[in-house]
Amino acid sequence: MAGPLQESGGARPTSRDVARAAGVSQATVSLVLGDKWRGRVAEPTAERVRLAARELGYRPNLAARNLRLGRTRTALLVVPELTNEFFAHVYTGVARVAARHGFGVVLYPSPDGIGPARDPFASARASLDGVLASSMASDALATIRGDDLPLVMLDSDPAGSLGAATVNLDLADGMRQVTEHLLALGHRDFLHLAADVDSWTFDVRADALARGLRGADTVVHRVAAPLNVEGARVVAEAALAAPGPRPTAVVCDDDFLSAGVCKAARRLGLRVPEDVSVTGFDDLTLATAVEPELTTVRLPAERFGERGMETLVAVLESRTPDATPLDVQLVVRGSTGPAR
């Protein structure tokens, strides 16, 4: 009994113990375990320090270190809602990089979804080091305009951003891929089922669609629908049943809208893709849950979240973040085919 009790109650290993085991100074230990070693400590030495810390079971006293630095190493992630799978994947990416840098992440879903919200910083501003926020929840951030809290905007207009930096997906290229695919299939009569949301991310998609179809002898009708399956079904059913030539392809801003179009087509006795082709945007789980499976633009949501957190860390360390938009990819499945 004495052995185990003595072991569990033994002295907690210190950075001095790690330094002694690795044959380095305590300053080197602090640099390595604080992730500040690059360019200052050789890689083999850094690995030796990490190995010594693991073998000794050493854990830095983050509370004490953060108190000295005046930081909590806490980031706030503001999203419009948690029910959307895309934002859940964004959070996963943010949390992965945050953990690597010793940060915690507080998730703040705007209580009213897309639109104004109570100030999420009113009681927590002093305990945050920075904020990442989706442009679709930007109304929730109006109160921090002019505040010195570092802010990184996700999926936001770089020219009009509230933040110190922006992280974007190459949405315009995604829509370009959609238009090229449909034009190659012979489609010339299009319906654009747009998200009924005032947000830069959807403006980019609409502009890119218009550019992609310009000069191609095409007809494009645009209708806006709520960002949910049932709302999209109602709007799409009315549009597809309207008098006049029926569009041969429906381009949707989001996979939820695409699913609504597929339901509308079925109710009208139309076959997808034989009578009407349908495309989406996001490549959520829903895209392969419908039949036929959706042709859609895959957005790398987790990588998007990772880049967001990497950008916030760069801002906090006064480094210039990578502003290159992340690549997206058209995934062709069964919902598109040759124009009738």
Rounded to the nearest 10 Å², the accessible area of H181 at probe 1.4 Å: 40
Counting each pair of different Cα atoms once, what's the Kirkwood radius of segment 139-241 in Å, rounded to one decimal? 15.8
Give me the compactness ratio for segment 15-60, meaning the Cα radius of gyration over 2.2 N^0.38 Å. 0.96
What does the highest-first list of 225-232, 159-166, 305-312 look like by mean Cβ count within 10 Å? 305-312, 225-232, 159-166
Quick one: if you stick a label point 7 Å off each Cα along the C-beta vector at T218 and D35, how many nm between them? 4.2
Given labels modelled 7 Å from the Cα in the Cβ direction, how far is it in nm from R16 to D207? 6.1
When the Cα atoms of segment 159-206 are enclosed in a convex hull and the volume is divided per residue, what value in Å³ results? 83
Cα convex hull of segment 171-298 - mean projected area over all directions, nm²: 6.9
Expressed to two decimals, segment 226-309 has a Cα Rg over Rh, using the Kirkwood radius, of 1.05
Normalised convex hull volume, segment 264-340, alpha-carbon set, Å³ per residue: 93
Could you give the length gained by full extension between S318 and R96, i.e. 0.36 nm per residue of separation minus their alpha carbon distance, to one decimal place? 77.8 nm
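The values are calculated or read from the model by the stated rules, or taken from the named source; none is laboratory data. None of these values were measured; they are calculated from a predicted model. Here the Cβ is made from the backbone with ideal geometry for all residues, glycine too, and neighbour counts use every protein chain on show. Surface areas here come from the heavy atoms of the whole protein model, side chains and all, with no ligands, DNA or RNA. Shrake-Rupley method; radii C 1.70, N 1.55, O 1.52, S 1.80 Å.
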